[in-house]
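The values are calculated or read from the model by the stated rules, or taken from the named source; none is laboratory data. A quick note: this is a predicted structure, and the numbers were derived from the prediction, not measured. Reconstructed Cβ throughout: ideal geometry from the backbone, glycine too, with neighbour counts over all protein chains shown. Remember, those area values only see protein heavy atoms, side chains included, never the ligands or the DNA or RNA. Shrake-Rupley method; radii C 1.70, N 1.55, O 1.52, S 1.80 Å.
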Amino acid sequence: MAVDRGTIEKLAELARIQISEANIDDVTTSISEILGLVDQLQAANTDNVAPMAHPLDAVQRLRADQVTENNQREDLQACAPEVEDGLFLVPQVID
Amino acid sequence: MQWETVIGLEVHVQLATKTKIFSGASTAFGAEPNTQACAIDLAMPGTLPVPNEEAFRYAIMFGLAIDAEIAQRSVFDRKNYFYPDLPKGYQTTQLDRPIVGAGNMEIQLSSGKTKTIRIHHAHLEEDAGKSLHEDFQGMSGIDLNRAGTPLIEIVSEPDMSNSEEAVAFAKKLHALVSSLGICDGEMSQGSMRFDVNISVRPKGQTELGTRTETKNLNSFRFMERAIALEVERQIDLIEDGGTVRQETRLYDAEKHASRSMRSKEEANDYRYFPCPDLLPVVFDEDYIEAVRATLPELPEARRDRYIEQYALSSYDAETLSGDRELSAYFEAVTQDCGDAKLAANWIMGELSASLNSAELKLANSPLNATRLAGLILRIKDGSISGKIAKQVFEIMWASNQSADEVIEAEGLKQVSDTGELAAMVDTVIANSAKQVENYRSADADKRPKMMGFFVGQIMKASKGQANPKAVNDILIEKLNKLL
């Protein structure tokens, strides 16, 4: 399966990745080639195979509902560029 | 043209666990910003989620209560989008293999009919944080205390055809999750949030119209109004020759207006994929059956029991069974006073009116079940009339006194002593020569109605404390002697 330049541009936008104009064609070709390998995998017959959710054949361990993490705001906000009244400040985004 | 509305609901229910779905940080409401957001909730590099078993147990309880298939093996997926209150850049949710499969819920309509609403599935996911857009001069403030709070998202089939049905469904869900104890039901704190999918089509057409989604309604009243508004908007649009766009809309309750948030074309492409940080979660049959054994009595079963055991009307039974706290209160009062009908009347009448006007929740009622039962006991044994009881209720409401203490202190005990009552009746008859004469000359079938005057005079003379039944008996006897 080949992807076109428009799809790459859209994916880059959704993933918030900047691809320079000069590189877009290269990236498009590379991803198309990778998808070519996926096409080969797709050719395998998987009629009676359940979709795999995880490569490890293991089951998730669960935890008890007990508070183990107390307030660490000061430490955790130490690396934030800007905070005010205990809030993280970010450039304004209104949906 | 006649139009038909089709409504489906997506309901986010915050689970009442103590900690987050993937971290051991507290979920308590109202904490200082970011004091309940740990490294996992903040998506710090190198952290890994560990799921909270209680969140699964709650989801399974819900599934069993709606008669749904429980997935013995469920899987988490990543829903990718960027927003500042979602630090990971994806929401951990369930897409293909949700914990709860298809189920059903029955709703009661005002016509007396019932309708079954199908539930497509319910899945577990994490809540996002909160963004505050005011007060920061071009910046947004982010509070991540809510990030990672466990949710179940319940997705209905488009089985509702008007706002009454949608609201009935929403209320029923609210009653169910509150009764199960899996959600605190505090709508004003966002514990339950409704997204409503609405479309219209000409009556009789089988094909569905284009739908819009009105997001994040957190009260039943807003939901009802938002639906009415959207249905009208779509019909007007089509009748004016336009077409409905598939889009997400936001309802502004203050302005009673809605606006488009984003259209389908601009909508995020979420690029779901299985979450590599989480293994499949597996529960065997024994586990699920053990959860089933812990299910409390559900509102429907309770309603039926109230009708059967206490002979309540279906309206009373429905109201009192819907909320776990209310039903516990009702049962406590009934047990103490031995009269379910009086208990129901007082709880749904005086008590709920007083709570409403004081803007109090039942949990904070100044009058507990034992004290209210004490009051009802005195009505039952004839110590006070219903009318006097309201007076006693008001005094009890504002004090810590028991009914007996109030009745004693205020001298409100009903007069049932026949000698005392007979004396009052004699006085009234003696002072009402004209009315007595009218009574005597009236036709026999007119007389019962004329009794009212004498009863009224006696009640007045006794300041409302005469036992009305005893007064009636004595009065009839004495008046008939004069005929």
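Listing for the model above:
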| quantity | calculated |
| --- | --- |
| The lone exception for B:Ala102 - which of (1) under 26 Å from B:Asp284 (Cβ atoms); (2) facing another protein chain (nearest Cβ under 10 Å); (3) at pLDDT 95 or above it fails | (2) |
| Residue under evaluation B:Leu278, criteria (1) surrounded by 19 or more Cβ atoms within 10 Å (Cβ to Cβ); (2) at pLDDT below 95; (3) closer than 30 Å to B:Gln72 by Cβ, criterion not met | (2) |
| Residue check, B:Ala290 more than 14 Å from chain A (Cβ to nearest Cβ), open to solvent by less than 40 Å² (accessible area, probe 1.4 Å), at pLDDT 90 or above and closer than 22 Å to B:Val177 by Cβ | no |
| Candidate set from the range B:40-56 (those that are within 9 Å of chain A (Cβ to nearest Cβ), touching a residue at least 12 places away in the same chain (Cβ under 8 Å) and open to solvent by 30 Å² or more (accessible area, probe 1.4 Å)); member that is farthest from A:Glu84 (Cα to Cα) | B:Glu54 |
| Failed item in (1) within 14 Å of another protein chain (Cβ to nearest Cβ); (2) modelled with pLDDT under 95; (3) open to solvent by 60 Å² or more (accessible area, probe 1.4 Å), with B:Arg262 passing the rest | (3) |
| Enumerated strands (runs of 3 or more DSSP E) restricted to the range B:127-208, each holding at least 3 residues that are of a type in the set (A, V, I, L, M, F, W, C), more than 15 Å from the chain's Cα centre (by Cα) and buried (at least 22 other Cβ atoms within 10 Å of the Cβ) | B:150-156, B:192-202 |
| Qualifying helices (runs of 4 or more DSSP H) (wholly inside the range A:1-89; at least 1 residues being within 30 Å of B:Pro280 (Cα to Cα)) | A:5-14, A:21-42 |
| Top-ranked residue of the range A:58-95 - restricted to ones that are closer than 22 Å to B:Val281 by Cα and among the charged types (D, E, K, R), ranked as farthest from the chain's Cα centre (by Cα) | A:Asp65 |
| Total residues in the range B:470-483, condition in a helix (DSSP H, G or I) and touching a residue at least 12 places away in the same chain (Cβ under 8 Å) | 9 |
| Residue count for the range B:1-36, restricted to those that are of a type in the set (A, V, I, L, M), farther than 18 Å from B:Leu180 by Cβ and more than 7 Å from chain A (Cβ to nearest Cβ) | 6 |
| Unique residue being free of Cβ contacts under 8 Å to residues at least 60 places away in the same chain and either farther than 21 Å from B:Tyr306 by Cβ or within 21 Å of the chain's Cα centre (by Cα) (or both) when the list is B:Gly382, B:Gly349, B:Gly338 | B:Gly349 |
| Complete set of residues in the range B:57-71 that are surrounded by 17 or more Cβ atoms within 10 Å (Cβ to Cβ) and away from chain A (no Cβ under 11 Å) | B:Ala59, B:Ile60, B:Met61, B:Phe62, B:Gly63, B:Leu64, B:Ala65, B:Ile66, B:Ala68, B:Ile70, B:Ala71 |
| Residues of the range A:50-72 satisfying the condition of being more than 7 Å from chain B (Cβ to nearest Cβ) and more than 26 Å from B:Val75 (Cα to Cα) | A:Asn70 |
| The lone exception for B:His256 - which of (1) over 33 Å from the mean Cα position of the chain (by Cα); (2) open to solvent by 60 Å² or more (accessible area, probe 1.4 Å); (3) at pLDDT below 95 it fails | (1) |
| Residue satisfying condition, being open to solvent by less than 70 Å² (accessible area, probe 1.4 Å) and either more than 8 Å from chain B (Cβ to nearest Cβ) or hydrophobic (A, V, I, L, M, F, W, C) (or both), within set A:Asp26, A:Asp47, A:Asp39, A:Asp75 | A:Asp39 |
| Odd one out for A:Ile19 among (1) closer than 19 Å to B:Asn80 by Cβ; (2) open to solvent by 60 Å² or more (accessible area, probe 1.4 Å); (3) more than 14 Å from every other protein chain (Cβ to nearest Cβ) | (2) |
| Residue within the range B:236-243 that is open to solvent by 20 Å² or more (accessible area, probe 1.4 Å), assigned to a loop (DSSP other than H, G, I, E, B) and β-branched (Val, Ile, Thr) present | yes |
| Residues located in the range B:110-126, provided they are outside any strand (DSSP E or B) and either basic (Lys, Arg) or touching a His at 6+ places or on another chain (Cβ under 8 Å) (or both) | B:Lys113 |
| Only one of B:Phe136, B:Phe169 that is more than 14 Å from chain A (Cβ to nearest Cβ) and of a type in the set (Phe, Trp, Tyr) | B:Phe169 |
| All positions within the range B:209-235 that are under 21 Å from B:Arg193 (Cβ atoms), open to solvent by 30 Å² or more (accessible area, probe 1.4 Å) and not in a strand (DSSP E or B) | B:Arg211, B:Asn218, B:Phe220, B:Arg221, B:Phe222, B:Glu224, B:Arg225, B:Ala228, B:Leu229 |
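Residue-by-condition table, conditions (1) among the acidic types (Asp, Glu); (2) farther than 30 Å from A:Glu69 by Cβ:
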residue: B:Asp135; (1), (2): yes, no
residue: B:Gly141; (1), (2): no, no
residue: B:Thr149; (1), (2): no, no
residue: B:Glu164; (1), (2): yes, yes
residue: B:Phe169; (1), (2): no, yes
residue: B:Val177; (1), (2): no, no
residue: B:Leu180; (1), (2): no, no
residue: B:Gln205; (1), (2): no, yes
residue: B:Phe222; (1), (2): no, yes
